[in-house]
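Working notes, structure below.
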Amino acid sequence: MFFQFDSELARLYGVDEAVFLHNLYFWLRHNEATGTNIIEYNGEKKVWSYHSKEAFCKVFPFWNRRQIERVIDSCRNKELILTAVISELKLGRTLCYTLTPKVYDYYTKTCNYNTEKCQYTKDNIKYNKKDEGVKPSLRKEAEKDAKAYGPHKWIYLTDRELDALIADFGEVAVAKAVQYVDIQAQKTGNRNGWQDWNITIRDAINRNWGGIMDDIR
(Lines give C-alpha, C1' and ligand atoms only; values in the text may rest on other atoms or scores of the structure.)
Protein backbone atom coordinates (compact mmCIF):
# COMPACT_ATOMS: atom_id res chain seq x y z
CA MET A 1 0.00 0.00 0.00
CA PHE A 2 1.22 3.51 -0.84
CA PHE A 3 1.34 6.30 1.74
CA GLN A 4 1.95 9.96 0.97
CA PHE A 5 2.98 12.92 3.08
CA ASP A 6 3.86 16.56 2.58
CA SER A 7 7.59 17.18 2.86
CA GLU A 8 7.19 20.63 4.42
CA LEU A 9 4.92 19.28 7.17
CA ALA A 10 7.43 16.47 7.71
CA ARG A 11 10.25 19.01 8.07
CA LEU A 12 8.26 21.08 10.55
CA TYR A 13 6.59 18.38 12.63
CA GLY A 14 8.09 14.98 11.81
CA VAL A 15 7.59 12.29 9.17
CA ASP A 16 5.22 10.16 11.25
CA GLU A 17 3.06 13.17 11.96
CA ALA A 18 3.04 14.15 8.28
CA VAL A 19 1.92 10.65 7.22
CA PHE A 20 -0.92 10.70 9.73
CA LEU A 21 -1.99 14.22 8.75
CA HIS A 22 -2.04 13.39 5.04
CA ASN A 23 -4.31 10.41 5.57
CA LEU A 24 -6.62 12.40 7.85
CA TYR A 25 -6.79 15.25 5.34
CA PHE A 26 -7.89 12.84 2.61
CA TRP A 27 -10.80 11.56 4.69
CA LEU A 28 -11.81 15.03 5.83
CA ARG A 29 -11.97 16.16 2.21
CA HIS A 30 -14.01 13.08 1.35
CA ASN A 31 -16.47 13.77 4.18
CA GLU A 32 -16.65 17.44 3.31
CA ALA A 33 -17.40 16.65 -0.34
CA THR A 34 -20.11 14.15 0.57
CA GLY A 35 -21.59 16.26 3.35
CA THR A 36 -21.01 13.64 6.06
CA ASN A 37 -19.75 13.99 9.63
CA ILE A 38 -20.04 17.77 9.58
CA ILE A 39 -20.91 18.54 13.18
CA GLU A 40 -21.05 21.69 15.28
CA TYR A 41 -18.55 21.50 18.12
CA ASN A 42 -17.82 24.31 20.58
CA GLY A 43 -20.00 26.65 18.53
CA GLU A 44 -18.27 25.95 15.19
CA LYS A 45 -19.12 23.50 12.42
CA LYS A 46 -16.26 21.18 11.57
CA VAL A 47 -15.83 18.11 9.41
CA TRP A 48 -14.68 15.04 11.33
CA SER A 49 -13.28 11.59 10.69
CA TYR A 50 -13.22 8.71 13.13
CA HIS A 51 -11.32 5.47 13.65
CA SER A 52 -10.75 3.26 16.63
CA LYS A 53 -7.16 2.54 17.57
CA GLU A 54 -7.66 -0.99 16.25
CA ALA A 55 -8.80 0.43 12.91
CA PHE A 56 -5.77 2.72 12.78
CA CYS A 57 -3.56 -0.35 13.19
CA LYS A 58 -5.09 -1.70 9.96
CA VAL A 59 -4.85 1.66 8.18
CA PHE A 60 -1.19 2.01 9.24
CA PRO A 61 0.11 -1.59 9.42
CA PHE A 62 3.68 -0.41 10.08
CA TRP A 63 2.63 1.09 13.46
CA ASN A 64 1.46 -0.78 16.52
CA ARG A 65 -1.15 0.61 18.90
CA ARG A 66 1.40 2.30 21.15
CA GLN A 67 3.09 3.98 18.20
CA ILE A 68 -0.25 5.21 16.87
CA GLU A 69 -1.10 6.66 20.26
CA ARG A 70 2.27 8.40 20.30
CA VAL A 71 1.70 9.92 16.84
CA ILE A 72 -1.79 11.10 17.76
CA ASP A 73 -0.57 12.60 21.04
CA SER A 74 2.27 14.34 19.19
CA CYS A 75 -0.12 15.82 16.61
CA ARG A 76 -2.44 16.96 19.37
CA ASN A 77 0.35 18.49 21.46
CA LYS A 78 1.68 20.34 18.42
CA GLU A 79 -1.83 21.70 17.78
CA LEU A 80 -2.11 19.95 14.42
CA ILE A 81 -5.31 18.03 15.18
CA LEU A 82 -8.33 18.24 17.44
CA THR A 83 -9.95 15.17 18.98
CA ALA A 84 -13.35 14.82 20.58
CA VAL A 85 -16.12 12.37 21.35
CA ILE A 86 -19.03 13.53 19.18
CA SER A 87 -22.28 12.34 20.75
CA GLU A 88 -24.31 13.09 17.60
CA LEU A 89 -22.43 10.38 15.72
CA LYS A 90 -23.41 7.73 18.31
CA LEU A 91 -19.99 6.09 18.30
CA GLY A 92 -19.74 5.42 22.00
CA ARG A 93 -16.35 6.61 23.23
CA THR A 94 -14.68 6.43 19.81
CA LEU A 95 -12.60 9.54 19.25
CA CYS A 96 -13.24 11.75 16.23
CA TYR A 97 -10.44 13.66 14.56
CA THR A 98 -10.13 16.87 12.58
CA LEU A 99 -7.27 19.11 11.51
CA THR A 100 -6.64 22.46 13.11
CA PRO A 101 -7.07 25.44 10.77
CA LYS A 102 -3.33 25.95 10.32
CA VAL A 103 -2.94 22.46 8.84
CA TYR A 104 -6.19 22.36 6.87
CA ASP A 105 -5.53 25.80 5.41
CA TYR A 106 -1.98 24.77 4.52
CA TYR A 107 -3.28 21.81 2.53
CA THR A 108 -6.01 23.82 0.90
CA LYS A 109 -3.67 26.59 -0.22
CA THR A 110 -0.29 25.02 -0.84
CA CYS A 111 -0.18 21.23 -0.75
CA ASN A 112 0.16 19.28 -3.99
CA TYR A 113 -2.22 21.65 -5.75
CA ASN A 114 0.70 23.82 -6.89
CA THR A 115 0.79 22.56 -10.46
CA GLU A 116 4.17 24.15 -11.17
CA LYS A 117 5.73 21.40 -9.03
CA CYS A 118 4.21 18.60 -11.10
CA GLN A 119 5.93 17.29 -14.20
CA TYR A 120 4.15 14.54 -16.16
CA THR A 121 2.47 13.68 -19.43
CA LYS A 122 -1.20 12.75 -19.84
CA ASP A 123 -0.76 10.27 -22.69
CA ASN A 124 -1.82 7.29 -20.56
CA ILE A 125 -5.20 8.81 -19.69
CA LYS A 126 -7.82 8.86 -22.43
CA TYR A 127 -9.04 12.41 -22.70
CA ASN A 128 -11.97 14.02 -24.44
CA LYS A 129 -13.15 17.59 -24.14
CA LYS A 130 -16.72 18.13 -23.08
CA ASP A 131 -18.96 17.77 -26.07
CA GLU A 132 -22.24 16.34 -27.19
CA GLY A 133 -23.43 13.05 -25.77
CA VAL A 134 -22.04 13.46 -22.24
CA LYS A 135 -24.34 11.64 -19.81
CA PRO A 136 -25.88 13.99 -17.22
CA SER A 137 -27.48 11.45 -14.86
CA LEU A 138 -26.35 11.33 -11.22
CA ARG A 139 -23.20 13.36 -11.58
CA LYS A 140 -22.40 16.92 -10.66
CA GLU A 141 -22.60 19.52 -13.32
CA ALA A 142 -19.11 19.75 -14.74
CA GLU A 143 -17.12 22.84 -13.98
CA LYS A 144 -16.50 25.09 -16.93
CA ASP A 145 -12.82 24.17 -17.05
CA ALA A 146 -13.30 20.44 -16.36
CA LYS A 147 -12.57 17.83 -19.01
CA ALA A 148 -14.01 14.38 -19.56
CA TYR A 149 -11.77 11.34 -19.06
CA GLY A 150 -12.19 7.63 -19.58
CA PRO A 151 -13.45 5.56 -22.51
CA HIS A 152 -17.08 6.42 -21.72
CA LYS A 153 -16.45 10.01 -20.58
CA TRP A 154 -18.00 9.69 -17.13
CA ILE A 155 -15.03 11.15 -15.28
CA TYR A 156 -14.82 14.94 -14.99
CA LEU A 157 -11.62 16.48 -13.64
CA THR A 158 -10.14 19.93 -13.82
CA ASP A 159 -6.48 20.25 -14.76
CA ARG A 160 -5.79 21.21 -11.16
CA GLU A 161 -7.49 18.08 -9.83
CA LEU A 162 -5.65 15.86 -12.30
CA ASP A 163 -2.34 17.49 -11.44
CA ALA A 164 -2.93 16.79 -7.74
CA LEU A 165 -3.94 13.17 -8.35
CA ILE A 166 -0.84 12.44 -10.40
CA ALA A 167 1.39 14.24 -7.91
CA ASP A 168 -0.06 12.13 -5.09
CA PHE A 169 -0.33 8.71 -6.73
CA GLY A 170 1.59 8.69 -10.01
CA GLU A 171 0.39 8.70 -13.60
CA VAL A 172 -0.03 4.94 -14.00
CA ALA A 173 -2.17 4.56 -10.87
CA VAL A 174 -4.40 7.48 -11.87
CA ALA A 175 -4.82 6.17 -15.40
CA LYS A 176 -5.86 2.73 -14.14
CA ALA A 177 -8.24 4.22 -11.58
CA VAL A 178 -9.87 6.47 -14.17
CA GLN A 179 -10.41 3.54 -16.50
CA TYR A 180 -11.80 1.30 -13.76
CA VAL A 181 -14.20 3.88 -12.32
CA ASP A 182 -15.37 4.99 -15.75
CA ILE A 183 -16.15 1.41 -16.80
CA GLN A 184 -18.01 0.72 -13.54
CA ALA A 185 -20.06 3.87 -13.96
CA GLN A 186 -20.91 2.88 -17.53
CA LYS A 187 -21.91 -0.67 -16.54
CA THR A 188 -24.26 0.43 -13.77
CA GLY A 189 -25.46 3.80 -15.01
CA ASN A 190 -23.54 5.22 -12.05
CA ARG A 191 -25.70 3.30 -9.61
CA ASN A 192 -23.27 4.25 -6.83
CA GLY A 193 -24.20 7.88 -7.31
CA TRP A 194 -20.63 9.10 -7.72
CA GLN A 195 -20.59 12.87 -8.17
CA ASP A 196 -17.23 14.18 -7.00
CA TRP A 197 -14.97 12.33 -9.40
CA ASN A 198 -11.78 13.62 -7.83
CA ILE A 199 -12.70 12.05 -4.50
CA THR A 200 -13.95 8.89 -6.21
CA ILE A 201 -10.64 8.37 -8.03
CA ARG A 202 -8.78 8.87 -4.75
CA ASP A 203 -11.02 6.30 -3.08
CA ALA A 204 -10.40 3.83 -5.91
CA ILE A 205 -6.63 4.11 -5.50
CA ASN A 206 -6.49 4.17 -1.71
CA ARG A 207 -8.91 1.24 -1.38
CA ASN A 208 -7.52 -0.67 -4.37
CA TRP A 209 -10.89 -1.13 -6.05
CA GLY A 210 -10.87 -4.07 -8.43
CA GLY A 211 -7.19 -4.74 -7.65
CA ILE A 212 -6.13 -1.78 -9.78
CA MET A 213 -2.96 -1.29 -7.70
CA ASP A 214 -1.89 -4.93 -7.46
CA ASP A 215 0.65 -4.90 -10.28
CA ILE A 216 2.21 -1.52 -9.43
CA ARG A 217 2.86 -2.02 -5.73
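The values are calculated or read from the model by the stated rules, or taken from the named source; none is laboratory data. Remember, predicted model here, so these are calculated numbers, not experimental data. Glycine gets a Cβ as well: all are built from the backbone with ideal geometry, and neighbour counts include every protein chain shown. Surface accessibility is based on the protein's heavy atoms, side chains included, excluding ligands, DNA and RNA. Shrake-Rupley method; radii C 1.70, N 1.55, O 1.52, S 1.80 Å.
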To the nearest 0.05, how large is the calculated FRET efficiency for THR94 and GLN186 if R₀ is 45 Å and r is the Cβ-Cβ distance? 0.75
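Give the ranking of ARG191, ARG207 by solvent-accessible surface, highest area first, calculated with a 1.4 Å probe. Mind dumping the intermediate values first?
Details: ARG191 185, ARG207 125 Å².
If we order ARG191, ARG207 from most to least accessible, we get ARG191, ARG207.
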If you stretched the chain out fully between ARG160 and LYS102, how much longer would it get, using 0.36 nm times the residue separation minus the C-alpha to C-alpha distance? 18.7 nm
So for region 1-80, Kirkwood radius off the Cα pairs, Stokes-Einstein at 37 °C and 0.692 mPa s: how many µm² s⁻¹? 242
Here are some pairs, LYS46/LYS109; LYS46/LYS78; LYS45/LYS153; LYS46/LYS187; which of them have Cα atoms lying more than 26 Å apart in this structure? LYS45/LYS153; LYS46/LYS187
So for TRP48, TRP27, what's the accessible-area order with a 1.4 Å probe, most first? TRP27, TRP48
Points 7 angstrom from Cα along the Cβ direction at ASP145 and ARG11: gap in nanometres? 2.7
For the pair THR83 and LYS45, what calculated FRET efficiency results from E = 1/(1 + (r/R0)^6), where r is the Cβ-Cβ distance and R0 = 30 Å, to the nearest 0.05? 0.95
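What number does region 165-217 give for Rg over Rh if you use C-alpha atoms and the Kirkwood radius?
Checking Rg against Rh, the ratio lands at 0.95.
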What is the calculated FRET efficiency for GLN195 to LYS109, with r their C-beta to C-beta distance and R₀ = 30 Å, to the nearest 0.05? 0.75
How large is the accessible surface of ASP145 in square angstrom, using a 1.4 angstrom probe and rounding to the nearest 10? 90
